[in-house]
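The values are calculated or read from the model by the stated rules, or taken from the named source; none is laboratory data. Just so we're clear, the structure is a prediction, and the values are computed from it rather than from any experiment. Counting neighbours? That spans all protein chains shown, and the Cβs are built from the backbone with ideal geometry, glycine included.
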Amino acid sequence: NQGRICPRGGAALDLFYPPDRILKPLKRMSDGSFKEIPYSLALDEIIGKMSTLKSDYGARSVGVWKGEGLGFYQQEDYARRFIHGFGSPNYFSNDSACYNGRYIGYHLVCGFWNSYPAFDQSGLIILLGSNPPICHPPFMREFADARSKGAKLVMIDPRLNPVACYADVFAQPYPGTDGALVWGLIRYLIKTNNYDEDIVNNNTIGFDKISVYAKKFTPEYVEKQTGIFADVVEEIALLIIKNRSKTSIFPGAGLEHNENGVNCVRALAILSCLIGALGLPTGLWRPEMLKIRSLTLYDELPLDDQGPIGADKFPVLYDIRKECHTMTAMDYMLGNGAYPLKGIILTAANPAVSNPNTAKVEKALSNLDLLVVSDFFMTKTARLAHYILPAATFLEREELHFYPTRHRVNLTSKVARTEGIKTEYQLWHNLAHGLGFGDKYFPWKSEKDVNKWLLEPSGLTVEKLRRHPQGYAYKPVGYQKHLIDKLNTPSGKLEFASPYLKKLGLPEIPEYLPPYYLAKADDNYPFILTTGARKSLLSHSRHQNIPRFRNVHPEAEMEIHPADASDLGIEDGEAVKVISKTGTLIIQAAVKKPVELLKGVVEIYHGWEDWRVNFLTCDTVNDPISGFPLLKGFPVRIEKIE
Ligand SMILES: Nc1nc2c(c(=O)[nH]1)N[C@H]1C(S)=C(S)[C@@H](COP(=O)(O)OP(=O)(O)OC[C@H]3O[C@@H](n4cnc5c(=O)[nH]c(N)nc54)[C@H](O)[C@@H]3O)O[C@H]1N2
Ligand SMILES: Nc1nc2c(c(=O)[nH]1)N[C@H]1C(S)=C(S)[C@@H](COP(=O)(O)OP(=O)(O)OC[C@H]3O[C@@H](n4cnc5c(=O)[nH]c(N)nc54)[C@H](O)[C@@H]3O)O[C@H]1N2
Ligand SMILES: [Mo]
């Protein structure tokens with residue numbers, strides 16, 4: 001981090017020492033209370049129950065669920081390995097609503113996504129639906145570097161954030177309409193002949209189709225769809241034309257949490273290709289992974305014939321990311337799937353807060369024959385578990401972290417230990433051995449042995465990485481001349497139109513569709529709810545039990561435009577009732593200044609344990625490509641409480 005750490009990173013010890021940390025396994029009793037039991041007994045009972053479920057309903061009746069608390073790569077891959085070793089294809093995670101929507105969008109066009117351009121070298125930075133000062137503090141230093149060299153910054157967000165305050169252009173679209181803006185920019189580039197003809201002629205398919213489709217996105221049409229003035233659309237187009245391949249574009253979760261989010265991201269990828277921002281660190285380039293072994297078993301034991309949950313409904317999500325769909329899993333848990341889902345081993349997730357349609361999630365999780373939760377705290381999800389296993393923090397494990405977009409790897413050290421608490425690796429290792437597939441799939445005695453095995457083909461060693469605690473750069477990030485010669489797309493070319501999607505009955509070109517709240521307009525729900533704009537000291541549902549953090553974010557609030565508040569007769573701080581077709585939430589209003597939020601739009605953070613906004617969101621309005629739920633731009637009604 002070059003000497004800096006974000007406030008949540010700085011709070012690592014608050015997670016390690018809090019008085020409410022769970023230190024012993026807990027078992028739920030018939031009266032709903034939890035009783036401490038010895039680790040070996042908990043493990044035996046869980047193994048017994050899993051074996052019974054496997055023989056009664058088949059291995060696929062059990063799944064694992066990994067949350068954002070564990071991050072990606074190694075800890076995720078243990079969970080994937082474990083469940084395939086058990087014989088079930090059902091791996092679930094928070095990534096049914098995170099990152100995959102954007103990854104898939106770029107992958108469909110280019111066959112890769114580097115996800116983090118070198119902003120410090122950009123001439124123009126365009127951010128859509130992202131909140132970097134809060135969510136990605138390291139971006140900020142790069143923005144500052146770029147700006148000191150004269151770079152321009154464009155921010156597209158219905159809501160003001162600290163970056164928008166110093167952006168050269170800050171445009172506030174109606175939620176879910178970014179696609180129209182992106183198509184407007186594509187049209188402008190094509191119409192004015194400001195695109196890379198060499199790339200288009202030699203390396204793309206579908207240019208003719210997008211050229212025809214783009215025609216209707218005149219600045220005036222874009223203004224009508226997005227609310228962004230026609231001259232602002234033109235101003236952004238001119239900035240792009242001036243900077244061409246030095247343009248860096250970053251889409252945030254604000255785009256993928258829409259029901260047509262993947263297509264919006266595909267259109268953005270096309271835009272980058274048109275301006276030739278390919279193979280450059282500032283644009284789209286293909287990260288090279290370090291050559292290491294894989295912990296997952298998708299080659300050896302793919303289990304595709306076992307009906308991975310959601311793979312039929314959202315084949316692209318499964319095909320590209322090997323991700324089963326959590327929202328569909330709820331139907332399976334409730335007995336409405338193709339086969340029963342009876343058991344879940346869940347680690348580092350809190351779906352009773354984070355997944356859409358909370359009432360249904362709680363009902364589904366409560367319907368399981370076996371729910372095991374590995375966490376530090378008694379979360380809303382843990383309360384529904386049959387067994388809670390105390391989890392080790394990241395300070396208590398040794399793991400590899402990969403930063404492919406910087407060609408870096410590092411090995412974090414185990415620097416702490418808590419008596420009786422097992423690491424994530426020990427959890428999967430012990431379960432696998434109890435279930436009879438440990439020798440085959442979890443033969444390593446320690447994490448260190450795993451890491452040695454993983455690193456072997458790379459030529460790097462555990463010892464070498466220990467000497468580079470700041471991370472080891474295995475390859476410089478530079479210009480990739482031959483990037484577009486052999487792309488990992490079905491045609492090997494940049495796919496502006498996708499025959500693969502067409503074959504699946506999905507839109508061949510990334511068409512723009514008006515958002516759900518307009519397409520299904522209902523006078524009973526006149527406000528547009530966006531959710532999940534992050535708080536600096538909270539990570540989703542985490543950290544609310546840490547008093548010094550709670551002091552900064554004491555209570556949930558619904559941000560509202562002053563004109564809307566005054567129409568409703570609502571004062572700042574007053575409790576209001578928010579109603580959607582899915583549910584109801586009572587929450588206090590925070591009346592913002594006019595520029596801080598679009599009129600007609602309200603925003604609620606998604607991580608509050610005591611004010612769960614996902615009681616309002618819906619699990620069945622999904623992006624047809626990624627399966628992502630509509631978490632931004634959901635219709636609601638707001639009532640004053642008399
Ligand atoms: N402090 C903190 N940092 C975090 C996290 C955290 O919980 N706390 N979570 C991490 C995780 S897992 C993720 S995925 C990232 C997410 O980080 P980002 O991708 O940066 O996304 P959000 O914070 O969700 O910001 C979403 C922004 O999109 C805007 N928005 C909503 N709807 C639309 C729309 O239709 N169009 C446009 N253009 N904008 C829209 C919202 O107003 C908001 O400002 O943050 C990571 N960083
Ligand atoms: N409405 C709405 N819903 C959203 C979003 C939104 O914007 N709007 N954002 C979505 C996004 S992008 C994401 S990523 C998801 C996040 O969804 P989740 O991953 O379900 O949410 P968290 O609250 O981060 O839950 C992490 C849990 O892991 C625990 N934990 C932390 N570290 C560890 C560890 O090392 N080991 C173990 N075993 N446990 C640990 C924490 O105590 C916490 O209970 O939420 C999604 N939900
Ligand atoms: Mo996320």
Just checking: which of the helices (runs of 4 or more DSSP H) contained wholly in the range 489-553 hold 3 or more residues that are under 27 Å from N161 (Cα atoms) and free of Cβ contacts under 8 Å to residues at least 40 places away in the same chain?
547-552
Restrict the check to the range 568-578 and report whether at least one residue is outside the structural domain of L15 (by TED's automatic domain parsing), within 19 Å of G633 (Cα to Cα) and within 16 Å of ligand 1 (Cβ to nearest atom).
no
Qualifying positions in the range 363-395 - farther than 20 Å from N545 by Cα, touching a Ser or Thr at 6+ places or on another chain (Cβ under 9 Å) and without any contact (Cβ under 8 Å) to a residue 40 or more places away in the chain
L365, L371
Selection count where residues are crowded, with 24+ Cβ neighbours inside 10 Å, within 15 Å of ligand 1 (Cβ to nearest atom) and among the aromatic types (F, W, Y), scope the range 59-95
0
Could you count how many residues in the range 261-314 are surrounded by 17 or more Cβ atoms within 10 Å (Cβ to Cβ), in a helix (DSSP H, G or I) and of a type outside the set (S, T, Y)?
14
For the range 16-36, how many residues meet the condition of being farther than 24 Å from R397 by Cβ and either aromatic (F, W, Y) or in contact (Cβ under 8 Å) with a residue 12 or more places away in the chain (or both)?
3
For the range 94-106, indicate whether the set of residues that are more than 16 Å from ligand 2 (Cβ to nearest atom) and among the aliphatic types (A, V, I, L, M) is non-empty.
no
Which members of the range 170-197 meet the condition of being surrounded by fewer than 23 Cβ atoms within 10 Å (Cβ to Cβ) and either assigned to a strand (DSSP E or B) or of a type in the set (V, I, T) (or both)?
F170, A171, I190, T192
All positions within the range 324-343 that are surrounded by fewer than 24 Cβ atoms within 10 Å (Cβ to Cβ) and not in a helix (DSSP H, G or I)
L334, G335, N336, G337, A338, Y339, P340
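Condition check ((1) within 20 Å of G48 (Cα to Cα); (2) within 29 Å of the chain's Cα centre (by Cα)) across all residues:
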position	(1), (2)
V415	no, yes
K422	yes, yes
H429	yes, yes
G434	yes, no
Y441	yes, yes
D449	no, no
S458	no, yes
R466	no, no
So which residues in the range 365-407 are touching a helix residue (DSSP H, G or I) at 6+ places or on another chain (Cβ under 9 Å), among the hydroxyl-bearing types (S, T, Y) and either part of a loop (DSSP other than H, G, I, E, B) or within 16 Å of ligand 1 (Cβ to nearest atom) (or both)?
T379, T381, T393
Check V621, V602 and return the single one that is of a type in the set (V, I, T) and closer than 23 Å to M155 by Cβ.
V602
Would you please name the residue that is nearest to ligand 1 (Cβ to nearest atom), looking only at residues in the range 120-142 that are more than 21 Å from the chain's Cα centre (by Cα) and surrounded by 22 or more Cβ atoms within 10 Å (Cβ to Cβ)?
I125
Yes or no: the range 45-67 includes at least one residue that is in contact with a helix residue (DSSP H, G or I) (Cβ under 9 Å, 6 or more places away or on another chain), among the acidic types (D, E) and either within 29 Å of R293 (Cβ to Cβ) or assigned by TED's automatic domain parsing to the domain that holds A385 (or both).
no
For the range 603-642 the number of residues that are surrounded by 19 or more Cβ atoms within 10 Å (Cβ to Cβ), more than 13 Å from ligand 2 (Cβ to nearest atom) and of a type outside the set (D, E, K, R) is 5
